[in-house]
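Values in this text are rule-based calculations from the coordinates and carry no lab data. Everything numeric here is computed off the predicted structure, so don't read it as measured data. Using ideal geometry, Cβ is built from the backbone for each residue, glycine included, and neighbour counts are taken over all protein chains shown.
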Amino acid sequence: MSDMNLQSVLSELNQFGVSIAWDEPMQHHTSFRIGGPVRAMLFPVGEDQLIHTVRQLEQIGCTPLLIGNGSNLLAADGPIDRVVIKTHDGLSGCEQVDDHTIYAASGTLLSRVAVFAQSLGLAGLEFAHGIPGTLGGALVMNAGAYGGEMAQVTAEVRYLDDSRTQQTVSGADLTFSYRHSRFSGTDDVILGATLILSPGDPVVIQAKMEELAQKRRTSQPLNLPSAGSIFKRPTGGYAAALIDQAGLRGFAMGGAQVSEKHAGFVVNRGDATCDDVRRLMAHVQETVLRQSGIALEPEVQMIT
């Protein structure tokens, strides 16, 4: 991909109405508040703009990185030679399909989808109300909390495959597992999903959402930038408990720290770099492996 070809395509996309930010710092688009500038960040509005953008870039051999709310990303400190498409805001919205199902665009915040379902008296997304990511990201990693996960509510997903052809796949064929789906590790572009829910009392649903929100406020360091749980739950245990048992609660490297409130979180104390976080993660992994024999696997996605 030459600079001339990229400039030409981005100029055409800009004329098509796609907003573009050059050398845009990733730290402004991740919940960690960490990350250097990407080559270009694109902000398509609506599904047609997104599809056109992806297909035009593909023609010059450019596979863009799609991000939603950046809530599970750790981006490198220096310049990142990637073209990024941000779907949050631009590809957002929910609609009721029938008495039991709703459709939401991939860039819609999961919390917004949960509130929309509650307003219709549909239960099943209470667990999602406090998850800060978008629907698309939640589907890729089968996001979940408090016993709920996307696998339980996903009826079907619309997406662009690697040839940029529109496809639809049923929830049953998404090979959901813990923090994984068939979209994990692919360049497929999720457009939206139909979610199947259960009738319920809006007041009861709201009360459950508030109960889970209170649990999060009590147990998680929501006042500091982070990417949520930094490691996946290992078989037969919990990452936070293993890190705590290793004596690493509150341990810091540079501006990155194992949260004093929840050892499963690494937080940015205000001036953390990607290198700080990665060195701290490596130290945690080495220490836990040495003391327990369990290898912790990162849950956060690294962007370099």
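Computed from point charges on the beta carbon alone (+1 for Lys and Arg, -1 for Asp and Glu), the dipole magnitude for the chain about its Cα centre is near 920 Debye.
Compute the separation of the alpha-carbon centres of region 96-147 and region 177-250 and state it in Å as a whole number. Using only Cα atoms to place each centre, the spacing works out to 13 Å.
Taking label positions 7 Å along the Cα-Cβ direction at both SER292 and LYS232, the computed distance is 1.5 nm, reported to one decimal. Counted as membrane-span-like here are DSSP H helices of the chain whose alpha-carbon atoms extend 27 Å or more along the helix's own axis and whose Kyte-Doolittle mean is 0.0 or above; there are none. The ASP98 and GLN167 beta-carbon pair, evaluated with R₀ = 25 Å, returns a calculated FRET efficiency of approximately 0.65. Inter-label distance, ASP201 to GLN214: 1.7 nm, where each label sits 7 Å from its Cα along the C-beta direction.
Say R0 is 30 Å: what FRET efficiency, to the nearest 0.05, do ARG249 and ASP81 get from their beta-carbon distance?
0.20
The residues neighbouring SER163, those whose beta-carbon lies less than 15 Å from its own, together hold a net charge of -3 under the Lys/Arg +1, Asp/Glu -1 convention. Computed from phi, the 3J(HN,Hα) profile of region 137-152 under the Karplus parametrisation 6.51, -1.76, 1.60 (θ = phi - 60°) reads x, 5, 6, 4, 9, 6, 4, x, 6, 6, x, x, 7, 4, 4, 6 Hz, with x in place of Gly and Pro.
Excluding same-chain neighbours fewer than eight residues apart, the lysines reachable from LYS261 by a Cα-Cα span under 19 Å are LYS215, LYS232. With each label modelled as a point 7 angstrom along the Cα→C-beta vector, the THR186-ALA241 pair spans 3.5 nm.
At an R0 of 35 angstrom, the distance between the Cβ atoms of LYS261 and ILE51 translates into a FRET efficiency of 0.25.
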